[in-house]
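To start, the structure itself, in structure tokens.
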């Protein structure tokens, strides 16, 4: 699309008086819609590619800093093991320096769980800890309903289904290739 085409389209958008009166102008307008969509997609792809490059640069910078600082962290941890921390609690120990603090945080264990095995065990040994979760099989229920305005009713009885209403949405008009 040329700058002249873009200027012409901008003028049309400002006037809002232009109308499509025949297949020729409708085809021209459809061509413009498809061109704009293709141009958008091209530019978004270009932006996505650039973002991917920048994300890779960020990853490399982070990796380099981690590699360079890990040596010093390891040495500081060795030193920390030799000194007496100034503040010790159940969950952390701290040693103060002029530049900052050396902090050892005691971690809770990570629990690796097999949910199915735990449920089976709890059913037999600790049933008070077994949860039952109820939900509606909406896909199946929807097949058995009908619409009366915004109201959702059972198709066979006409009984209103509580907790759901149908909100009308505008139709979608598209130009496709």
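For (1) over 30 Å from residue 32 (Cβ atoms); (2) without any contact (Cβ under 8 Å) to a residue 60 or more places away in the chain; (3) not assigned by TED's automatic domain parsing to the domain that holds residue 30, each residue gets a yes or a no:
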| position | (1), (2), (3) |
| --- | --- |
| 113 | yes, yes, yes |
| 116 | yes, yes, yes |
| 123 | yes, yes, yes |
| 147 | yes, yes, yes |
| 157 | yes, yes, yes |
| 169 | no, yes, yes |
| 174 | no, yes, yes |
| 177 | no, no, yes |
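Here are some conditions: (1) under 30 Å from residue 38 (Cα atoms); (2) without any contact (Cβ under 8 Å) to a residue 12 or more places away in the chain. Residue 130 meets all but one. Which one does it not meet?
(1)
Name the single residue, out of those in segment 156-177 being surrounded by 10 or more Cβ atoms within 10 Å (Cβ to Cβ) and touching a helix residue (DSSP H, G or I) at 6+ places or on another chain (Cβ under 8 Å), that is modelled with the lowest pLDDT.
Ranking the candidates gives 175 first.
Only one of 128, 108 is loosely packed, with under 10 Cβ neighbours inside 10 Å and in contact with a helix residue (DSSP H, G or I) (Cβ under 9 Å, 6 or more places away or on another chain); which?
Going through 128, 108 in turn, just one is loosely packed, with under 10 Cβ neighbours inside 10 Å and in contact with a helix residue (DSSP H, G or I) (Cβ under 9 Å, 6 or more places away or on another chain): 128.
The values are calculated or read from the model by the stated rules, or taken from the named source; none is laboratory data. Not measured: the values here are computed from a predicted model. Ideal geometry is used to build each Cβ from the backbone, glycine not excepted, and the neighbour counts take in all protein chains shown.
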